[in-house]
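J.: Let me begin by handing over the structure; questions about it come next.
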Amino acid sequence: MSLDGRNVLILTTNYGTEQDELTKPAAALREAGARVTIAAQKDDAVQTLVSDRRPGALVPSDTTLAKATADGFAAVVVPGGTVNADRLRTDADARRLLSAFADAGKPVAAICHGPWLLVESGLAGDRELTSYPSLRSDLENAGATWLDREVVVDTSGGHPLITSRRPGDLDAFAAAIVDALDTGGNRE
C-alpha cells in the first residue's frame, strides 16, 4: 500500500503520551508513504511515557494545536497515555481539530485513553468503538456502543472512526488507519 505522501496529523500534549502509541503509528504511516505532522500544546518536544510511569523518548513536535488546522490533512490520530488523554480532552484546540476532521468526513483514529477526546468533542455518540477498558462507562454514557476488540472501524457516522484498546493492539490499529487512507480515504 502506498499513501502517496498524504498528510496525517497526530494530536498530543507535551507530557504523558504513551510512547509506542505515538511513535508506532507515526512510523507505520511514514513507512506506507504518508507525511506525519505532530501537533502538541507547545512548540516543545513531547516527553512520552512508557506504561504511564517511566520516561520514554522525547519526540519533536512540528506545530502546535493552536496553529494546526484540518486543511491539507487526510486523517487525524489521537494517541493515549492517561495523562496525555486527560489533558488533551480539556484542550479547546484539540476538540476543535477533532471536530473539524469529523465535519470534513476525514478518518479520526484514537487508541487506549485517546477516546476520551471523542467524548469531549461529541463524536462518540451512536458509534461503535473500543478503548482501554476503564473508559467503557464513559463511552457508553456518551452514547457509544463499546466493543472489546483490538480494533473497531465504524463508518456509520459521516467519517471513519478507528479505535483500539491498548499498546498490544498497535499493529492492527496502524494497519486500519493505513487501510482507511488507502481504500478511499481523503487524498490530502
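J.: In the neighborhood of VAL50, defined by Cβ-to-Cβ distances under 11 Å, what is the net charge if each Lys or Arg adds +1 and each Asp or Glu adds -1?
T.: Numbers: positive: ARG53, ARG54; negative: GLU18, ASP20, GLU21, ASP52.
Spelling it out: positives minus negatives among the neighbours equals -2.
J.: Suppose only helical runs count, i.e. DSSP H with n ≥ 4. What mean residue ellipticity at 222 nm does that imply for the chain under -39500 (n - 2.57) per run, divided by all residues and rounded to the nearest 500 deg cm²/dmol?
T.: -9000 deg cm²/dmol
J.: How many percent of all Cα-Cα pairs in the range 28-67 sit more than 12 Å apart?
T.: Numbers: 501 of 780 pairs.
Above the 12 Å cut-off, the range 28-67 has 64 percent of its Cα pairs.
J.: While we're looking at this one, here's another question. For the chain, report the translational diffusion coefficient in µm²/s to the nearest whole number, using Stokes-Einstein at 25 °C, 0.890 mPa s, and a Kirkwood Rh over Cα pairs.
T.: 157 µm²/s
J.: For the chain, what is the accessible area per residue in Å² when the probe is 1.4 Å?
T.: 41 Å²
J.: In percent, what relative contact order does the range 56-188 have, based on Cα pairs under 8 Å that are 6 or more apart in sequence? Could you put the intermediate results ahead of the total?
T.: On the way: 247 pairs, mean separation 31.6, N = 133.
For the range 56-188, the relative contact order is 24 percent.
J.: Would you work out the charge dipole size for the range 97-162 about its Cα centre, treating the Cβ of every Lys and Arg as +1 and the Cβ of every Asp and Glu as -1, and quote it to the nearest 20 debye? Show your work: numbers first, answer last.
T.: On the way: 4 positive and 9 negative charges, 26 e Å.
Using only the charged Cβ atoms, the result is roughly 120 debye.
J.: Then there is this: Wrap a convex hull around the Cα atoms of the range 1-82, take a quarter of its surface area, and give that in square nanometres.
T.: Quarter of the Cα hull surface area: 5.0 nm².
J.: Moving to a separate point now. Determine the dipole magnitude for the chain: charges of +1 sit on the beta-carbon of Lys and Arg, -1 on that of Asp and Glu, nothing else is charged, the reference point is the Cα centre, and the result goes in debye to the nearest 20.
T.: Numbers: 19 positive and 27 negative charges, 56 e Å.
Roughly 260 debye, rounded to the nearest 20.
J.: With the full set of protein chains in place, find how many percent of the accessible area of the range 1-153 is carbon and sulfur; take the probe as 1.4 Å.
T.: Carbon plus sulfur share of accessible area: 44 percent.
J.: Still on this structure, please answer the following. Using a 1.4 angstrom probe with every protein chain in place, what is the largest-first accessible-area order of SER164, SER137?
T.: Ranked list, largest accessible area first: SER137, SER164.
The values are calculated or read from the model by the stated rules, or taken from the named source; none is laboratory data. Keep in mind that this is a model prediction, so the values were computed, not measured. Cβ atoms come from the backbone with ideal geometry, glycine included; neighbour counts cover every protein chain shown. What goes into the accessible areas is simple: the full protein's heavy atoms, side chains included, and nothing from ligands, DNA or RNA. Shrake-Rupley method; radii C 1.70, N 1.55, O 1.52, S 1.80 Å.
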